[in-house]
Amino acid sequence: MWNHNLQTLLVGTIMAVSVSLSGCDSTKDDTQNPEANAESSEQTVTDAPANTTDNSDTDTAAAQQGTPVKYDISAWGADTVEPISVNELNGIQSAFGEVMSTDENSLDYASNPATKYRFMKTDAPYLDIIDSEKYLELGWYYANPTDTDKEKELSQNHAKKAYQLSRQLMGDDGGKMVADMLNSQIIKNRIVGGQKIELAKCEFYSCMLVINKAAAQTDNS
């Protein structure tokens with residue numbers, strides 16, 4: 001019985017050693033066979049998806065930037081205009097068109113009581129005149145490159161009216177000032193065509209031109 005058990009133990013030990021040696025030989029074969037390993041690596045790289053560039057992101061970015069608004073200023077300057085005074089409110093209003101609404105409880109540039117005349121409907125890009133004892137203010141919607149074609153068209157029309165009215169109020173220098181505004185220049189405390197300009201600028205969807213009616217025409221400060 002003991003011999004039988006010893007024989008069984010020897011047989012089991014021999015089988016375990018054989019399995020262990022077989023595992024070592026397999027690992028050794030893989031290490032010593034670089035071609036097989038290279039083929040396996042090559043197969044892995046080949047199966048990897050191609051690195052393609054998605055053009056949709058570029059197209060989306062271009063669409064978000066939009067098309068800059070262009071103003072045909074050279075054509076506007078060819079029209080003849082009649083001079084007008086900053087105190088001739090009726091004539092100033094007619095240059096902008098029909099008054100759609102009036103707000104007599106508005107405020108001017110310096111927060112003084114004023115009347116606002118709106119020349120567009122509430123839901124449309126605005127075109128306004130704010131008139132007070134001291135100031136005359138022209139304001140209009142300044143379109144962004146990503147705006148709709150209709151919004152850009154209205155903004156261009158507003159700018160043309162402001163350009164022509166400025167020429168009536170301040171001569172060709174007034175038109176040039178509006179052109180400078182549309183080119184992102186900011187004008188402050190400057191005499192233009194005999195009028196004192198408190199502020200003139202176009203930014204953040206808004207253009208505003210503020211004329212100090214009470215300032216002396218000879219004030220060169």
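The values are calculated or read from the model by the stated rules, or taken from the named source; none is laboratory data. This structure is a prediction, so every number in the text was calculated from the model and none was measured. Glycine gets a Cβ as well: all are built from the backbone with ideal geometry, and neighbour counts include every protein chain shown. Just so you know, the surface numbers come from the protein's heavy atoms only, side chains and all, with ligands and any DNA or RNA stripped out. Shrake-Rupley method; radii C 1.70, N 1.55, O 1.52, S 1.80 Å.
General observations
- Lone qualifier among LEU107, LEU154 - being closer than 22 Å to GLY66 by Cβ, open to solvent by 20 Å² or more (accessible area, probe 1.4 Å) and in contact with a strand residue (DSSP E or B) (Cβ under 8 Å, 6 or more places away or on another chain): LEU154
- Selection of first residues in segment 159-173 that are at negative phi and hydrophobic (A, V, I, L, M, F, W, C) and of second residues that are open to solvent by 10 Å² or more (accessible area, probe 1.4 Å) and assigned to a helix (DSSP H, G or I), restricted to Cβ pairs under 7 Å at least 6 apart or on distinct chains, gives the following pairs, ordered by first then second residue: ALA159/LEU182; LEU165/ALA95.
- Residue check for TYR109: at pLDDT 65 or above, touching a helix residue (DSSP H, G or I) at 6+ places or on another chain (Cβ under 9 Å) and at negative phi: no
- Here the condition is being more than 26 Å from THR102 (Cβ to Cβ), of a type in the set (Gly, Ala, Ser) and open to solvent by less than 10 Å² (accessible area, probe 1.4 Å); of GLY193, GLY175, it holds for GLY175 alone.
- All of MET181, MET208 fail the test of being within 26 Å of the chain's Cα centre (by Cα), open to solvent by less than 30 Å² (accessible area, probe 1.4 Å) and closer than 21 Å to ASP108 by Cα, apart from MET181.
- Filter result (touching a His at 6+ places or on another chain (Cβ under 7 Å) and open to solvent by 30 Å² or more (accessible area, probe 1.4 Å)) within segment 110-151: TYR141
- Cross-chain or 6+ apart pairs with Cβ under 7 Å, segment 134-148 first and among the β-branched types (Val, Ile, Thr), then open to solvent by 10 Å² or more (accessible area, probe 1.4 Å): THR146/GLN64; THR146/GLY66
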